1. Can you compute 3J(HN,Hα) from phi for each residue in the range 149-160, using the Karplus curve 6.51 cos²θ - 1.76 cosθ + 1.60 with θ = phi - 60°, rounded to whole Hz and x for Gly and Pro?
2. Using the Cα gyration tensor of the range 104-227, with a ≥ b ≥ c the square roots of its eigenvalues, what is the shape: rounded (a/c below 1.5), prolate (a/b larger than b/c) or oblate (neither)?
3. In nm, what is the difference between 0.36 nm times the number of residues separating LYS307 and GLU150 and their Cα-Cα distance?
4. How long, wide and thick is the range 206-313, going by the Cα atoms along their three principal axes, in whole angstroms, largest first?
5. If MET69, MET270, MET198 are ordered by their accessible area, calculated over protein heavy atoms with a 1.4 Å probe, which sequence runs from highest to lowest?
6. Using only the heavy atoms of the protein chains and a 1.4 Å probe, how would ASP64, ASP111 rank by accessible area, largest first?
7. Apply 1/(1 + (r/R0)^6) to the Cβ-Cβ distance of ARG197 and GLN170, taking R0 = 45 Å, and write down the FRET efficiency to the nearest 0.05.
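The values are calculated or read from the model by the stated rules, or taken from the named source; none is laboratory data. Nothing here was measured: the structure is a model prediction, and the numbers come from that model. When we count neighbours, we look across all protein chains shown, and the Cβ atoms used for this are built from the backbone with ideal geometry, even at glycine. The area values use the complete protein model at the heavy-atom level, side chains included, leaving out ligands, DNA and RNA. Shrake-Rupley method; radii C 1.70, N 1.55, O 1.52, S 1.80 Å.
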Amino acid sequence: MSDAQKQAAREEAMRKLGMVIPPAGGAPAAKKPEASAAPAAEAKEEEGEDKEEFDMGSEADDDDMMAYMVEGGDEEEEEDDDLDDFLSDKPKKEPEAKDTREKRIAQELEDRKKATAKLDAERMAKKKAHEEWLASMDEETRQSYFAEQERQKRAHEEAQREQEMELQRQRLEEMKIKAGAAASSAAAGADKGKDDRMENKWSYQNSKLVAEAVERKGPKKTVREIHIQFPTKRVGAIIGKAGVNIKIIEGKSNAKLQIHKPKIEIGGPMPEETLVTIKGRPESVDKACETVNLVLAQFAAHRTAAKSAPKKK
């Protein structure tokens, strides 16, 4: 594939995606007028999202296949990152010398003793001042003071009991409300919980991707990665000329597609199947599989129409 052909394919892909093609001289592309862009955007919306045009004219050539394939790949799902890899990169703390450590510990113990002695002295001073203040009163005033202290203590205890009883009443009321709500929505909640545990398991069958609802093992992940074995002869259609189709699939679904290079033995034939990895949010992965089906269906229809068309003499 020559450079001119690759450039033409890129321009065709940009045109289908609604992008502005830069001029050949390298000058900045002029902005399209908003008035002329509006009718085109409205027309696209009327056609519908699923009717976005893919490049059905020809499959990806060898250069495109090499550009969009990655080395290796297996069918095991990605595990969570090991935190040990991150922790091992932290700078290690220098070991403290023995004499320095002993001095530090001795200083800390001394500081604690001083702080404790200071608190004890303050408590003793306050206690002594209070006793002297009581001794300065006459008997009647002292008894009146003690009676007032006892009254305040009982009032405080009574306020605490009332507060605890009010909290207990509020908790009982909340429990009744929750119990009533749980009883009214028990069946709906059970069905919803079952739906939350289901996910689509995708596989290639009868020239398309088929989803099977299965119960998820383990907690729901924010990012999902699936592995599908595709017929190698269909991979070119998924990639498209100059990668047009795979870019559209990723753009429509916000998922990432990886085409793994098949392992070919020296002198051996091309494997019949190629591993494709799709990674993204669960809904993005499902959307990507649906878009792949659209590509395969349009490609098959294009091939059928091309075969049935009368040959030019």
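1. 4, 5, 4, 5, 5, 5, 5, 5, 5, 5, 5, 5
2. Cα axes put the range 104-227 in the oblate bin.
3. Details: separation 157, 0.36 × 157 = 56.52 nm, distance 10.45 nm.
Net length gain for the segment: 46.1 nm.
4. Between the extreme Cα coordinates on each principal axis of the range 206-313 lie 63, 36, 26 Å.
5. Details: MET69 25, MET270 110, MET198 65 Å².
In descending accessible area the options line up as MET270, MET198, MET69.
6. Details: ASP64 10, ASP111 75 Å².
The most accessible residue leads, giving ASP111, ASP64.
7. It comes to 0.85.
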